[in-house]
Every structure is written in structure tokens, then in C-alpha cells.
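Student: Structure in C-alpha cells, see below.
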Amino acid sequence: MSTSTISTNDLANLQAGDKVVVKSLDENTEETICTTAVLDRRDVPAIPGWGGREEKTLVRLGSGSWYDLATGLQDDSGATRIERCA
């Protein structure tokens, strides 16, 4: 599944305890790295103006990495992405 075909509806309702698959995006490979559980969910409010940020919802995994639920990509990196386990 390419990043352009990820259904954000699959991720939008992730909560602590839900299982996800972490996949590498290195050099266009989609290698599965691990299956893990969501530890935390955080709604990050927008900050308007210069130097601000957009509103986003993040989930944290056991590795300590945060993932953006709108894209499934690792926050501030994009090196890996998550998908909901079937």
C-alpha cells in the first residue's frame, strides 16, 4: 500500500491499546519493522501566525516515537509510517 492510498479513517480513531504495524519508507521499500500497541494519544492545537503550527492528532508508540494520524507518518521524520492491524 503506498502512502497515497492510506485510509486516514483507519487511523483517525486509534486509541491507547490499539495495535499498529510500523513500516519503513526507506528508499521506497515497505518493509514491516514491527507490530506494537499505541501507548498514548494527544490532540495538538494549532498555533496561528509566524512560526506557528497546524492542528494535529498524534499517537505515541513504545519506541517513544509520535505518529501523525492524518498521514500515518512519523512526526518530524517521515522515515516510518503506521497502519492499523487488520
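The values are calculated or read from the model by the stated rules, or taken from the named source; none is laboratory data. This one's a predicted model, so the numbers in the text were calculated from it and none came from an experiment. Backbone-built Cβ (ideal geometry, glycine too); neighbour counts: all protein chains shown. We work out accessible area using only protein heavy atoms, side chains counted, and drop any ligands, DNA or RNA first. Shrake-Rupley method; radii C 1.70, N 1.55, O 1.52, S 1.80 Å.
Student: Which pairs have Cβ atoms under 9 Å, sit 6 or more apart or on different chains, and link a residue in the range 1-26 that is surrounded by 12 or more Cβ atoms within 10 Å (Cβ to Cβ) and hydroxyl-bearing (S, T, Y) to one that is at pLDDT 90 or above and assigned to a loop (DSSP other than H, G, I, E, B)?
Tutor: Note: pairs meeting the criteria are T3/T71; T3/G72.
Student: I need a count of the residues in the range 73-86 that are small (G, A, S), open to solvent by 70 Å² or more (accessible area, probe 1.4 Å) and touching a residue at least 24 places away in the same chain (Cβ under 8 Å).
Tutor: Count: 0.
Student: May I ask you to verify whether T35 is among the polar types (S, T, N, Q), outside any loop (DSSP other than H, G, I, E, B) and open to solvent by 60 Å² or more (accessible area, probe 1.4 Å)? Write out each step before concluding.
Tutor: Details: among the polar types (S, T, N, Q): yes; outside any loop (DSSP other than H, G, I, E, B): yes; open to solvent by 60 Å² or more (accessible area, probe 1.4 Å): yes.
Here the answer is yes, as T35 does meet what is asked.
Student: For the range 51-72, does any single residue satisfy the condition of being over 21 Å from A86 (Cα atoms), among the β-branched types (V, I, T) and open to solvent by less than 80 Å² (accessible area, probe 1.4 Å)?
Tutor: Looking through the range 51-72, at least one residue is over 21 Å from A86 (Cα atoms), among the β-branched types (V, I, T) and open to solvent by less than 80 Å² (accessible area, probe 1.4 Å).
Student: Need pairs with beta-carbon distance below 7 Å; first residue free of Cβ contacts under 8 Å to residues at least 12 places away in the same chain and within the range 39-54, second open to solvent by 100 Å² or more (accessible area, probe 1.4 Å) and not β-branched (V, I, T); sequence gap 6+ or separate chains.
Tutor: P45/E55; A46/R53; A46/E54; A46/E55; I47/R53
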